Amino acid sequence: MESKKYLDDISHIKDMMSRSSRFISLSGLSGILAGIYALIGAWFAEKAMKSIAINGSRSYDYFSDANSIEFGNDIIFEFFLIAILVILAAMSTGVILSVRKAKRKNVKLWDTSSKYLVVNFFIPLLTGGLFCLVLLQYNLAGLVAPATLIFYGLACVNASKYTFGDVRYLGLANIIIGLVATQFIGYGLYFWALGFGVFHILYGSLMYSKYDRK
């Protein structure tokens, strides 16, 4: 009986240490919704790209060579608008659901672990965003989708040590398909939908069933 009490105490201490060093208010449902937002954004981006082919009197086979498409300022602005709306929707949903989960579990939302999480996540993400602008500057639009997947994956891996370890696998999956996408220039939108859309929905579903339903 005495040894069992010691084991329970040790388990309780380990759980407290894990909670104090990791951000545990991350919501699985926010991952699912982020994936849905990404798929909607990809659909609108495809319609925009299709309009380029139609207006340019080309057949709808632009995915065979994305770098051959000339992107005007209007269409670039439309792509950025879609991306910004998707990011804002995903971040807003993530914050709202994380706040709700933190209140339900009676834990502090903004603490040392959440600060480290944000910093370590955004360093690779912002670096990738600037790199993508350079790619557009040199008319390398076909590499933008692979680059966003790779840098987002690096951001997830970098931040995973401050939250649930499952985030690491989401990051690794995006890095892998991002690297694969570099060999299929012109199909980046499909890879983008897979990584940011389908993978997020699968990841969010796993997180929801594993942590949120407890």
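What follows is calculated from the coordinates using simple rules that are stated; it is not laboratory data. Keep in mind it's a predicted model, so treat the numbers as computed, not measured. Please note: Cβ atoms are built from the backbone with ideal geometry, for glycine as well, and neighbour counts cover all protein chains shown.
If I stretch the segment between residue 180 and residue 208 completely, what's the gain in nm (0.36 nm per residue apart, minus their alpha carbon distance), one decimal?
Gain on stretching residue 180 to residue 208: 7.2 nm.
What is the sum of charges, Lys and Arg at +1 and Asp and Glu at -1, for the other residues whose Cβ falls under 14 Å from the Cβ of residue 86?
Once positives and negatives cancel, what remains is -2.
Could you tell me which of rounded, prolate or oblate describes the range 28-212, using a ≥ b ≥ c as the square roots of the eigenvalues of the alpha-carbon gyration tensor, with rounded for a/c under 1.5 and, failing that, prolate when a/b is larger than b/c and oblate otherwise?
In terms of gyration-tensor shape, prolate.
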